[in-house]
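Participant: Structure provided below as structure tokens; questions to follow.
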Amino acid sequence: NAGVMQNPRHLVRRRGQEARLRCSPMKGHSHVYWYRQLPEEGLKFMVYLQKENIIDESGMPKERFSAEFPKEGPSILRIQQVVRGDSAAYFCASSPLGTGSNSPLHFGNGTRLTVT
Amino acid sequence: AQTVTQSQPEMSVQEAETVTLSCTYDTSESDYYLFWYKQPPSRQMILVIRQEAYKQQNATENRFSVNFQKAAKSFSLKISDSQLGDAAMYFCAYRSALASGSRLTFGEGTQLTVNP
């Protein structure tokens, strides 16, 4: 059973470009979470999605950031018009449906975004 | 909102010795879950141990154990017989039990160095 798959592992973008980060949850998992980790800091919650639904986006910046988890395919975190402050590691995590909050989140290896 | 505090940015331990990492949290809820995650240089987030708040017994996983003090809102991690492979960033995390699939809130992390 493959774990949470994130790609790309590293992504370099120039200021003003768009960044697309992909996350395929573990098989059978329909809950996806995105976190951002700035250098030397902990992980900060961004958004929680289920298939075709955004459940909690309270951690998402109001502008330039969006996320989706379509019925088919991976979850996508999209950052438009990137700025240097967006440089960070972005982690995706998944959990299975209906198992309650004591289920640990299973994390991917993250995508390191560098904005030049 | 819940907050998680790790007051030790860095800790070091001699190989084979024991070390304790501190974590405190703030919540008004009575039912919740607590986790310790490990992040080695590979950046992968690895679950170390978890604790349900309704359980008085402290969780144990091999060389890892916790000291859960609910009244004090404290959740420390003890690593016994430290090994070189234990060197990593350790994150304490909180998750509400009020709603299935709720987010994890992380502390800022403690960087553990294991000296040979």
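The values are calculated or read from the model by the stated rules, or taken from the named source; none is laboratory data. All values derive from a computational prediction rather than experimental measurement. Cβ sites come from the backbone with ideal geometry, for glycine too, and all protein chains shown count toward neighbours.
Participant: Residues A:Arg22, A:Arg36, A:Arg15: which one is part of a strand (DSSP E or B) and more than 20 Å from B:Thr105 (Cα to Cα)?
Facilitator: After ruling out the rest, the residue left standing is A:Arg22.
Quick grid of which residues meet (1) modelled with pLDDT of 95 or more; (2) over 16 Å from B:Arg43 (Cα atoms); (3) facing chain B (nearest Cβ under 10 Å):
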| site | (1), (2), (3) |
| --- | --- |
| A:Arg22 | yes, yes, no |
| A:Asp56 | no, yes, yes |
| A:Phe65 | yes, yes, no |
| A:Leu77 | yes, yes, no |
| A:Ala88 | yes, no, no |
| A:Phe91 | yes, no, yes |
| A:Pro96 | no, yes, yes |
| A:Ser103 | no, yes, yes |
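Participant: With respect to B:Val4, determine if the residue is in a strand (DSSP E or B), over 14 Å from the mean Cα position of the chain (by Cα), surrounded by 13 or more Cβ atoms within 10 Å (Cβ to Cβ) and at negative phi. Step through it out loud before you land on a result.
Facilitator: Working: in a strand (DSSP E or B): yes; over 14 Å from the mean Cα position of the chain (by Cα): no; surrounded by 13 or more Cβ atoms within 10 Å (Cβ to Cβ): yes; at negative phi: yes.
Answer is no for this residue.
Participant: Exactly one condition in (1) free of Cβ contacts under 8 Å to residues at least 24 places away in the same chain; (2) closer than 30 Å to B:Leu112 by Cα is not met by A:Lys51; state its number.
Facilitator: (2)
Participant: Which pairs do you get when a residue that is within 22 Å of A:Gly3 (Cα to Cα) and at the interface with chain A (Cβ under 7 Å from one of its Cβ atoms), found in the range B:26-53, comes within reach of a residue that is buried (at least 16 other Cβ atoms within 10 Å of the Cβ) and among the charged types (D, E, K, R), reach meaning Cβ atoms under 6 angstrom, with the pair 6+ apart or on two chains?
Facilitator: Between residues of the range B:26-53 that are within 22 Å of A:Gly3 (Cα to Cα) and at the interface with chain A (Cβ under 7 Å from one of its Cβ atoms) and residues that are buried (at least 16 other Cβ atoms within 10 Å of the Cβ) and among the charged types (D, E, K, R), the close pairs are B:Phe35/B:Arg50.
Participant: Ok, one more. For the range B:6-23, state whether one or more residues are polar (S, T, N, Q), under 26 Å from A:Phe91 (Cβ atoms) and within 11 Å of chain A (Cβ to nearest Cβ).
Facilitator: For the range B:6-23, residues polar (S, T, N, Q), under 26 Å from A:Phe91 (Cβ atoms) and within 11 Å of chain A (Cβ to nearest Cβ): present.
Participant: Check B:Ala71 against each of (1) more than 10 Å from chain A (Cβ to nearest Cβ); (2) in contact with an Asp or Glu (Cβ under 9 Å, 6 or more places away or on another chain) and name the one condition it does not meet.
Facilitator: Of everything listed in (1) more than 10 Å from chain A (Cβ to nearest Cβ); (2) in contact with an Asp or Glu (Cβ under 9 Å, 6 or more places away or on another chain), B:Ala71 misses just condition (2).
Participant: Tell me, please, whether a residue that is surrounded by fewer than 14 Cβ atoms within 10 Å (Cβ to Cβ) and either within 11 Å of chain A (Cβ to nearest Cβ) or in contact with a helix residue (DSSP H, G or I) (Cβ under 7 Å, 6 or more places away or on another chain) (or both) can be found in the range B:85-107.
Facilitator: Yes, the range B:85-107 contains at least one residue that is surrounded by fewer than 14 Cβ atoms within 10 Å (Cβ to Cβ) and either within 11 Å of chain A (Cβ to nearest Cβ) or in contact with a helix residue (DSSP H, G or I) (Cβ under 7 Å, 6 or more places away or on another chain) (or both).
Participant: Still on this structure: For the range A:50-89, enumerate the residues that are under 14 Å from A:His31 (Cβ atoms), among the hydrophobic types (A, V, I, L, M, F, W, C) and either assigned to a loop (DSSP other than H, G, I, E, B) or within 13 Å of the chain's Cα centre (by Cα) (or both).
Facilitator: Within the range A:50-89, A:Ile54, A:Ala67, A:Phe69 meet the criteria.
Participant: Right, here's the next one. Which of the residues belonging to the range A:1-16 are more than 10 Å from chain B (Cβ to nearest Cβ) and under 23 Å from A:Glu57 (Cβ atoms)? Let's see the steps before the verdict.
Facilitator: The first filter runs over the range A:1-16 and keeps only residues more than 10 Å from chain B (Cβ to nearest Cβ), leaving A:1-2, A:5-8, A:10-16.
Answer for the range A:1-16, where residues must be more than 10 Å from chain B (Cβ to nearest Cβ) and under 23 Å from A:Glu57 (Cβ atoms): A:Met5, A:Gln6, A:Asn7, A:Leu11, A:Arg13.
Participant: While we're looking at this one, here's another question. Within the range A:31-49, is even one residue surrounded by fewer than 18 Cβ atoms within 10 Å (Cβ to Cβ), in contact with a strand residue (DSSP E or B) (Cβ under 7 Å, 6 or more places away or on another chain) and farther than 20 Å from B:Gln39 by Cα? Before the answer, list the steps.
Facilitator: Within the range A:31-49, the subset surrounded by fewer than 18 Cβ atoms within 10 Å (Cβ to Cβ) is A:38-41, A:44.
Subsequent filtering for residues that are in contact with a strand residue (DSSP E or B) (Cβ under 7 Å, 6 or more places away or on another chain) retains A:38, A:44.
After this cut, where a residue has to be farther than 20 Å from B:Gln39 by Cα as well, the list is none.
No, every residue in the range A:31-49 fails to be surrounded by fewer than 18 Cβ atoms within 10 Å (Cβ to Cβ), in contact with a strand residue (DSSP E or B) (Cβ under 7 Å, 6 or more places away or on another chain) and farther than 20 Å from B:Gln39 by Cα.
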